[in-house]
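Below is one structure, written out as structure tokens; comments come after it.
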Amino acid sequence: MTPIIADLDWNKWKDLWLDPSIRLQFGLLLGLIALVFVLTKITKPLFITLSKQENSSDFKKLIWGNITRMVAPLYLLTACLIAVALVERFSLSSKELIRPFTSVAGAWAVYRMISGFIKSRAWLRLIAVLAFGLAALHSFGLLDTTVELLSLLAFNVGDRRISILDILNGGVILLILLWGSSLLGTSAEKKIRNFPHLPPSLQVLLAKIMRVILVFVSFAIALSTIGLDLSSFAILGGAIGVGIGFGLQKVVSNLVSGLILLLDRSIKPGDVIEIDGTYGWINSLRARYASVITRDGKEHLIPNEDLITNRVINWSFSDRNVRVRVPIGISYNANPRKAIELCLDAANSTNRTLRNPPPKCLLTGFGDNSVDLELRFWIDDPSNGVGNVRSEVLLAIWDRLQEAGIEIPFPQRDINISGLSPKIMSALKEEIESPDKQAN
């Protein structure tokens, strides 16, 4: 008997249905479907229980979960293969009904197996189209014809003849390799993060290098599968490299600077930095830029090249402790020792001031208008801001100096006028000293 084709008329369909072999196969398929349904209902709850056992490892739970998903397709595929064997055993042709149904069952099993590892709907749609499309071509006996047609449609690339079939095979292999490299890269990244002695910046660098290598290897294998000579791309790669060097100079510079920052760990996530008047903490290091969040909530995206070439103040490079300097001026009539005690008490009154090392207040000089003091104290949380704690300390100093009657002087100047007659000097002096005239 020949396979079913599209141009059969109703009489041929009727004759085909009256064939005892077709009826036998149709009844056998209905019985197989019923048997698969019953077996799935009985055994699937057992696999679900095994996949949810708390004592099992994550790997075992994943295996049992995939088996649970594959219960019905595997039962159906196994039953179809047994049916094909039985029909062939009794010298009945299985091309009309059993074998096409077996192809569909195999495509369903492949789709359900792959769907356990891929969550993207776009990928799943593509896999479904490929699996069931091949099953349909095989069912109608068109698979060999399609393969021959695709192999005939070809073009030349240099001395190599590339067919559409080669491109499709390379594309399928590339998709499989990219999917495998994604799984391997995710697993390797988790392993790298479990290493306690590796700093976060080096972990990020190793994970990125691992993913880039896996993707490069995937493309190289796929191109070699198609039949392209990779050595022929050497000149093209050199020309592209020169073009990138000139056209994307800044981009490449930022990428290389990002790798340098990850390697030397001079700037890393969590550090408090100051660059070109921008003060904040590093939120993240990206391939092209660093994200710096300031105290007012603004997020600055600073190119990595600027962090390499410009002068950067890293407040927490080797130690998170930061010393804050507060200049103070007191009157010459005040007791500097008493003022120093009050300044130290004001510094210790804030919660953010460290007790070790203790605050210090020094007399730094005798200015034109005041006795100059400088209060120095330490904090260990510069990411919470420096200006706010300086303001809090200054307010505490103000309150204590006011209570103690110590004056904070303002600039004063003495003016000496010479060359004027005594009469004019007397009038000016009278003008200045007269309170009524000053009021007016």
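Quick note: the coordinates plus some simple rules give every number you see, no bench work behind them. If you're wondering where the values come from, they're calculated on a predicted model, not measured in any experiment. Note that each Cβ is placed from the backbone with ideal geometry, even for glycine, and that neighbours are counted across all protein chains shown.
Here are the numbers:
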item: Theoretical FRET efficiency, 1/(1+(r/R0)^6), r = Cβ-Cβ of M113 and R161, R0 25 Å, to 0.05; result: 0.10
item: Extension gain, T294 back to L395 (0.36 nm per residue minus Cα-Cα distance, nm); result: 34.0 nm
item: Estimated FRET transfer efficiency when R0 is 22 angstrom, pair L81-L30 (beta carbons, to 0.05); result: 0.80
item: Segment L152-K190, length gained on full extension (0.36 nm per residue, minus Cα span); result: 9.1 nm
item: Theoretical FRET efficiency, 1/(1+(r/R0)^6), r = Cβ-Cβ of L137 and V252, R0 60 Å, to 0.05; result: 0.80
item: Under 5 Å, built H, 5+ apart or other chain: amide partners of Y289; result: N304
item: Virtual spin-label span in nm between F219 and T278, 7 Å along Cα→Cβ; result: 3.1 nm
item: Centroid-to-centroid separation of segment 273-325 and segment 328-345 [C-alpha atoms, Å]; result: 36 Å
item: For segment 123-133, 3J(HN,Hα) per residue [Karplus equation, 6.51 cos²θ - 1.76 cosθ + 1.60, θ = phi - 60°, Hz, x = Gly/Pro]; result: 5, 5, 5, 4, 5, 5, 5, 5, 5, 6, x
item: Relative contact order (%) - criterion: Cα under 8 Å, at least six apart; region: segment 322-404; result: 41 percent
item: Shape call, segment 269-314: gyration tensor on alpha carbons, a/c limit 1.5; result: oblate
item: Entries of K190/K298; K338/K429; K52/K190; K44/K191; K268/K298; K250/K298 with Cα pairs more than 29 Å apart; result: K190/K298; K338/K429; K44/K191
item: Other-chain or far-sequence residues with amide H under 5 Å of H300's (modelled H); result: V292, I293, T294
